[in-house]
Amino acid sequence: MSVHIRLNRKGINSIEMPESADAEVGESLVLKMINHGAPLHLTVSTINGKRFTHFIHENLYVDDNLVLRIPILSVAPPGSFRIEIITGYGTVKEELTVNVHDQEIELPEGMEEIPDIEEKKSIISGKDTLVILCAVLAWISYASGFFYPGLIPVIVPMVLLTAGVVIGWFFRSS
């Protein structure tokens with residue numbers, strides 16, 4: 001972003017510039033100073049700009065035209081700071097508010113919108129339910145062997161666990 005600052009156009013040490021300017025994070029704000037009269041000294045300072053730029057203060061001699069770049073930090077947060085320009089050894093002072101914005105990301109062609117994400121209907125499928133059911137029934141059958149000893153509480157858990165493994169194995173790709 002560039003800002004045109006006109007000096008000495010309306011009178012000696014006069015400063016004409018916009019009230020605010022926009023800048024993007026990681027870019028430079030360019031101040032183009034155009035002198036319409038006699039050469040002059042001016043001071044450019046940032047006020048509350050420490051979070052946005054390393055630029056602090058500059059004393060300049062402007063004969064004709066001058067370009068001053070104020071780099072905006074790549075880690076700067078969105079917000080604003082002020083730049084103060086003083087001429088005539090402090091007799092004329094103007095301020096410019098710089099609004100810092102995040103960089104806009106350009107999407108490649110065909111990516112104007114974010115595609116819709118398919119909704120998952122269920123975390124546990126029917127196959128998983130059968131495997132879990134076989135495991136639960138096997139544990140119940142095994143635990144019943146403590147209360148009803150015999151051969152059936154030993155065989156039924158083995159059959160149910162084997163059935164759960166077979167179901168999981170044959171339907172693993174679905």
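The values are calculated or read from the model by the stated rules, or taken from the named source; none is laboratory data. These numbers were taken from a predicted model, which means no experiment stands behind them. Note that each Cβ is placed from the backbone with ideal geometry, even for glycine, and that neighbours are counted across all protein chains shown. SASA here: full protein model, heavy atoms, side chains in, ligands and nucleic acids out. Shrake-Rupley method; radii C 1.70, N 1.55, O 1.52, S 1.80 Å.
Please go through region 78-107 and give me each residue that is open to solvent by less than 70 Å² (accessible area, probe 1.4 Å) and modelled with pLDDT under 90, ordered by number. Residues satisfying the conditions are G88, G90. Considering (1) touching a Leu at 6+ places or on another chain (Cβ under 7 Å); (2) among the hydrophobic types (A, V, I, L, M, F, W, C); (3) in a strand (DSSP E or B); (4) closer than 17 Å to D102 by Cβ, the lone condition that V44 does not fulfil carries the number (4).
With respect to H4, is the statement that it is assigned to a strand (DSSP E or B), in contact with a Lys or Arg (Cβ under 8 Å, 6 or more places away or on another chain) and open to solvent by 70 Å² or more (accessible area, probe 1.4 Å) true? Can you show your working first?
Working: assigned to a strand (DSSP E or B): yes; in contact with a Lys or Arg (Cβ under 8 Å, 6 or more places away or on another chain): yes; open to solvent by 70 Å² or more (accessible area, probe 1.4 Å): yes.
Yes: the conditions hold for H4.
Check I47, I56, I5 and return the single one that is at negative phi, within 37 Å of the chain's Cα centre (by Cα) and at pLDDT 90 or above. It is I5. Put simply, of I155, I167 the only residue that is part of a helix (DSSP H, G or I), at pLDDT 65 or above and in contact with a Lys or Arg (Cβ under 7 Å, 6 or more places away or on another chain) is I167. Just one of (1) of a type in the set (G, A, S); (2) surrounded by 13 or more Cβ atoms within 10 Å (Cβ to Cβ); (3) at pLDDT below 80 fails for G110. It is (2). The residues of region 8-63 that are among the aromatic types (F, W, Y) and either in contact with a helix residue (DSSP H, G or I) (Cβ under 6 Å, 6 or more places away or on another chain) or surrounded by 16 or more Cβ atoms within 10 Å (Cβ to Cβ) (or both), listed by number, are F52, F55.
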